[in-house]
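Notes to accompany the following structure.
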Amino acid sequence: MTSLLDRPLNICLLSYRSNPHCGGQGVYVKNLSRALKDLGQHVEVVSGPPDPMLDPDIPIHRLACLDLYNPENLFRIPSLRELSDPVNLMEWMGVSTMGFPEPFTFGFRAQRFLRKRMQRFDIVHDNQSLSYGIWSLSKKIPTVATIHHPITVDRDIAVRSVRPFWKKLKHLRWFSFIGMQKRVSRTLGRIITVSECAREDIAREFRIPRERFSVVPNGINTDLFYPIADIQREPGRIIVTNSSDVPLKGLFYLLHAVAEIINKRAIRLVVVGAPKKNGGITRLIRRLGIGDRITFTGRISDAEFVRQYARAAMAVVSSVYEGFGLPAGEAMACGVPVISTTGGALPEVVGDAGILVPPKNHRALARAIIDLLDHPEQANDLGRRGYQRVQQHFTWRRAAEKTVAAYRKTILDYR
């Protein structure tokens with residue numbers, strides 16, 4: 001037992017959807033696997049689509065699935081041969097009835113993959129699929145899961161954001177996997193989450209005792225996000241990251257703030273991401289008449305992302321809720337002054353190195369933006385403090401060290 005807890009561990013890291021350009025879960029897998037490897041641990045990743053774009057020295061096992069959300073062949077009709085696999089059939093039926101079955105089906109595929117390979121690993125680490133397949137694995141091998149934040153928050157905000165009853169039902173159907181995640185998470189001996197706020201909310205929403213949690217804040221990839229001294233910041237240029245066009249991210253409120261500001265100050269809002277065609281955000285921009293002040297970058301490279309930060313006078317994080325808040329940390333790492341809501345764990349990330357305003361309050365956002373535009377010395381000071389805060393508190397090495405400690409505790413409790 002002592003040798004197992006002292007030697008490097010063999011880790012199986014599971015993640016059902018992991019593109020680092022499309023959300024925090026992909027960023028988590030890419031950077032945590034790198035940091036674990038750098039600590040001397042052996043880590044292999046088992047992943048669903050799309051490609052998580054791991055470093056070449058990180059072994060990856062890509063589990064085949066129908067991939068019905070692939071934008072290049074969206075909602076394709078599977079062949080009869082594909083549907084002869086019961087898991088594929090469940091995936092197709094789930095998508096066809098407006099559900100989101102990927103966490104559910106990924107768990108069964110991971111269980112199938114690991115059935116004859118479990119002896120290779122000391123621990124399985126599930127990145128928020130929380131499926132019945134993971135519950136089955138946890139009976140045979142030490143298993144820990146990361147819950148970034150309670151998905152019940154996403155569901156409730158999405159349901160409240162629409163008025164027609166049929167649209168509310170549509171959201172409820174999409175989030176129907178939450179019941180499974182609640183049941184499975186309660187059976188696991190240890191849960192990793194990324195902030196004190198997330199721990200409290202998950203414990204309440206999922207009814208999990210608080211002593212089962214290990215709080216491990218995310219890191220920020222400071223090799224990727226850093227200040228670029230030879231690029232000048234453009235006055236009035238505001239940047240916001242909105243990789244997913246969902247109510248949770250609060251872009252609705254920021255757009256209303258922009259509409260309030262444009263007659264008072266010269267500003268331009270750069271949105272890193274793309275809106276849904278003819279979606280609510282596109283319609284709102286037309287209704288507010290602010291299209292000439294908004295630029296959507298679409299998907300951009302990491303290098304271009306950092307250049308966009310370098311050009312920005314400030315970054316705004318308008319989220320209604322965040323379990324951690326990577327966009328705030330990434331902007332701070334680039335030395336960009338940050339205005340953030342107090343939604344979820346954002347105050348834990350921003351601390352005293354940014355301006356905090358209440359969520360869902362476009363007038364408070366507008367006042368904070370105008371105030372920072374009018375006080376460039378304060379903006380420069382916040383940029384410096386944010387950079388220092390990231391360097392001191394949010395590195396992936398520190399996150400990996402705390403994660404390994406959670407692994408060892410899980411293994412000890414399991415034995």
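The values are calculated or read from the model by the stated rules, or taken from the named source; none is laboratory data. Worth saying up front: this structure is predicted, and the values here are computed from it rather than measured. Here the Cβ is made from the backbone with ideal geometry for all residues, glycine too, and neighbour counts use every protein chain on show.
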Original post:
Residue check: is Ala405 exposed (fewer than 13 other Cβ atoms within 10 Å of the Cβ) and assigned to a helix (DSSP H, G or I)?
Top reply: yes
Subject >> Total residues in the range 259-279, condition without any contact (Cβ under 8 Å) to a residue 60 or more places away in the chain and either charged (D, E, K, R) or in a helix (DSSP H, G or I) (or both) >> reply: 4
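Could you name every one of the helices (runs of 4 or more DSSP H) located completely within the range 324-397 that has at least 1 residues being within 22 Å of Glu200 (Cα to Cα)?
Hits in the range 324-397: 326-333, 346-350, 376-393.
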Original post:
Across the range 33-92, which residue is surrounded by the fewest Cβ atoms within 10 Å (Cβ to Cβ) among those that are over 22 Å from the mean Cα position of the chain (by Cα) and of a type in the set (Val, Ile, Thr)?
Top reply: Ile77
Subject >> Residue list for the range 69-91, restricted to those being assigned to a helix (DSSP H, G or I) and either farther than 25 Å from Lys30 by Cβ or charged (D, E, K, R) (or both) >> reply: Glu72, Leu80, Arg81, Glu82, Leu83, Pro86, Val87, Asn88, Leu89, Met90, Glu91
Original post:
Taking Ile192 and the conditions (1) within 17 Å of the chain's Cα centre (by Cα); (2) under 24 Å from Val404 (Cβ atoms); (3) surrounded by fewer than 22 Cβ atoms within 10 Å (Cβ to Cβ), which numbered condition does it fall short on, given that it satisfies the others?
Top reply: (3)
**OP:** Could you identify the single residue in Arg173, Arg155 that is within 22 Å of the chain's Cα centre (by Cα) and closer than 20 Å to Gln25 by Cα?
**Re:** Arg155
Original post:
When you go through Pro327, Pro359 one by one, which is the residue that is within 16 Å of Ile238 (Cβ to Cβ), in contact with a Ser or Thr (Cβ under 7 Å, 6 or more places away or on another chain) and not hydroxyl-bearing (Ser, Thr, Tyr)?
Top reply: Pro327
Subject >> Pick from the range 255-312, criterion under 22 Å from the mean Cα position of the chain (by Cα) and of a type in the set (S, T, N, Q), ranking: surrounded by the most Cβ atoms within 10 Å (Cβ to Cβ) >> reply: Gln308
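Conditions (1) in a loop (DSSP other than H, G, I, E, B); (2) polar (S, T, N, Q); (3) more than 23 Å from Glu330 (Cα to Cα); (4) modelled with pLDDT under 95, marked per residue:
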position: Arg17; (1), (2), (3), (4): yes, no, no, yes
position: Tyr28; (1), (2), (3), (4): no, no, no, yes
position: Ala35; (1), (2), (3), (4): no, no, no, no
position: Val46; (1), (2), (3), (4): no, no, yes, no
position: Pro49; (1), (2), (3), (4): yes, no, yes, yes
position: Pro52; (1), (2), (3), (4): yes, no, no, yes
position: Ile58; (1), (2), (3), (4): yes, no, yes, no
position: Asp67; (1), (2), (3), (4): yes, no, yes, yes
**OP:** Please tell me if Ile261 is β-branched (Val, Ile, Thr) and over 30 Å from Thr143 (Cβ atoms).
**Re:** yes
**OP:** Within the range 346-355, track down each residue that is in contact with a strand residue (DSSP E or B) (Cβ under 6 Å, 6 or more places away or on another chain) and either among the aliphatic types (A, V, I, L, M) or farther than 19 Å from Gln378 by Cβ (or both).
**Re:** Leu346, Val350, Ile355
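Considering only the range 280-307, state which residues are free of Cβ contacts under 8 Å to residues at least 12 places away in the same chain and outside any helix (DSSP H, G or I).
Of everything in the range 280-307, just one residue is free of Cβ contacts under 8 Å to residues at least 12 places away in the same chain and outside any helix (DSSP H, G or I), namely Ser301.
Whether any residue in the range 234-253 is free of Cβ contacts under 8 Å to residues at least 12 places away in the same chain, part of a loop (DSSP other than H, G, I, E, B) and either within 16 Å of the chain's Cα centre (by Cα) or more than 19 Å from Asp156 (Cβ to Cβ) (or both) is what I want to check.
no
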Original post:
If a residue has to be in contact (Cβ under 8 Å) with a residue 40 or more places away in the chain and over 18 Å from Arg17 (Cβ atoms) to count, how many in the range 118-140 make the cut?
Top reply: 6
Subject >> The listed residue being modelled with pLDDT under 95 and in contact with a helix residue (DSSP H, G or I) (Cβ under 9 Å, 6 or more places away or on another chain), out of Gly323, Gly335, Gly298 >> reply: Gly323
**OP:** Considering only the range 213-267, state which residues are touching a strand residue (DSSP E or B) at 6+ places or on another chain (Cβ under 7 Å), polar (S, T, N, Q) and not assigned by TED's automatic domain parsing to the domain that holds Val338.
**Re:** Ser214
